[in-house]
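Colleague: First the structure, which I've put down as structure tokens, then a few questions once you've had a look.
The values are calculated or read from the model by the stated rules, or taken from the named source; none is laboratory data. This structure is a prediction, so every number in the text was calculated from the model and none was measured. Positions of Cβ are generated from backbone atoms using ideal geometry, with glycine treated the same way; all protein chains shown enter the neighbour counts.
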Amino acid sequence: MIVRKLGSTIIERLAADSGVIFKIIETVDEKWQDLERAFYQRIRKEAKAVEFEPETIPAVLVARPLSQNDKRGAELDAMGAQLGLSSSAIKQMFHTMAKLKSQREAGEDTILQLNAHNPLIRQLRDMPRNETFYLALTCIYNNAVMFAHHSVSPENAEIIFAANNSAFSAMITTAQVLAQEQQERAKMELERDRLKRQLPDMPLTEYRSCFFAFDYKIEDNYRLLEAIQTYFDRNGLGIKVMAPAKAMDDLNIHRDLHRQLKQAHFGIAEVSNNNLNVLYESGLLHGMGKPLILLQRSDSTDTIPFDILSDYRCKYVVLREGGDVEFGLLEKNLDKAMDTLKRMQPNFDTLPKWEGKQ
């Protein structure tokens, strides 16, 4: 640190070893070390995680501790300036100092002090190492360089740092959310690929077909299956409704279930009571990338325990009169669902219609 007296004012050069201002954090764990290395690898600037106030400042650029030669040169510089010396020795000293100064201005005599108390720096330490991370490193360094070379009032500095911190934080948060979404999507794709590998390679039916997943213990669902098939027939859609409870081509129930799921062009699932088998079959249809229509009774109070709510849901009402059961609103909502399905599968209209036989 250099101390110079100008009248009654003392000017100090802020140095990296100013222990009173910059406090080394007690535990420099691998995360902090990795962040320090990232700054050097990205922008070739030595960085050090320390603690200082105020915590709103993420990083500052400060001078390294002066070498003995630097201290002596600075003292001679001050003496020569005060005495007005112009000897060749003093000129040579100025020439040497100018050369040293140019080296320092290239960044060799400064350290980037990272404020471990600053929320932005802590957020940066923990974020994934992606392009946004490296962009944030550069922005924080540039921010520190700007304040190292300009005089800014405390009030304006606080305003600038607050604005920059908000912008950097929003950028990092967006990157973290995006990275998390990408991880979740990758997990889903891995699970989908795993399911595809497990299932036998079977082609879709040559005619239009639909798999119906429902709770076999509820008698109304068998009537619902018939109502769906009647709806398809009456509207000339030519779609066969398949379900292991309706017909099986294999004595192994599980194997036949997978065959029907694989061969169906789309699925319909009755999810009113969160039956585990229905949810399992719905998940398999999702894994195969097939359109899925969800049916739910209007009086159902159960909440679906996983995220298939994005699929189209048809609400319907169970109407009883004597021994007859009808399903109000079913056909109206199926009309909407089928219009959407045709747009999702442009080749649907070219598929042969099911004529009531295999």
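Colleague: Output yes when any residue across the stretch 107-119 is within 37 Å of the chain's Cα centre (by Cα), modelled with pLDDT under 60 and over 30 Å from residue 178 (Cβ atoms), and no when none is.
Modeller: yes
Colleague: Any chance you could count how many residues in the stretch 237-271 are within 21 Å of residue 341 (Cβ to Cβ) and either crowded, with 18+ Cβ neighbours inside 10 Å or touching a residue at least 60 places away in the same chain (Cβ under 8 Å) (or both)?
Modeller: So the first thing to find is which residues in the stretch 237-271 are within 21 Å of residue 341 (Cβ to Cβ), and the list is 237-243, 246, 260-271.
Add one more test, that the residue is either crowded, with 18+ Cβ neighbours inside 10 Å or touching a residue at least 60 places away in the same chain (Cβ under 8 Å) (or both), and what stays is 237-243, 260-271.
Summing the residues that are within 21 Å of residue 341 (Cβ to Cβ) and either crowded, with 18+ Cβ neighbours inside 10 Å or touching a residue at least 60 places away in the same chain (Cβ under 8 Å) (or both) in the stretch 237-271 gives 19.
Colleague: Among helices (runs of 4 or more DSSP H) lying entirely in the stretch 218-290, which contain 1 or more residues that are touching a Ser or Thr at 6+ places or on another chain (Cβ under 6 Å)? Show your work before the answer.
Modeller: Numbers: elements: 219-234, 253-263, 276-287.
In the stretch 218-290, 253-263 are the helices (runs of 4 or more DSSP H) which contain 1 or more residues that are touching a Ser or Thr at 6+ places or on another chain (Cβ under 6 Å).
Colleague: Tell me, yes or no, whether the stretch 194-210 has at least one residue that is exposed (fewer than 13 other Cβ atoms within 10 Å of the Cβ) and either closer than 30 Å to residue 323 by Cα or modelled with pLDDT of 95 or more (or both).
Modeller: Residues of the stretch 194-210 exposed (fewer than 13 other Cβ atoms within 10 Å of the Cβ): 194, 197-198, 200-203, 206.
When the remaining residues are screened for being either closer than 30 Å to residue 323 by Cα or modelled with pLDDT of 95 or more (or both), the result is none.
The answer is no; no qualifying residue exists.
Colleague: Pairs needed: first member in the stretch 19-48, over 15 Å from residue 138 (Cα atoms); second member anywhere, of a type in the set (Asp, Glu) and not in a helix (DSSP H, G or I); C-beta distance under 8 Å; at least 6 residues apart or different chains.
Modeller: Once the first residue is over 15 Å from residue 138 (Cα atoms) and sits in the stretch 19-48, its partners that are of a type in the set (Asp, Glu) and not in a helix (DSSP H, G or I) give 22/51; 23/51; 24/51; 25/51.
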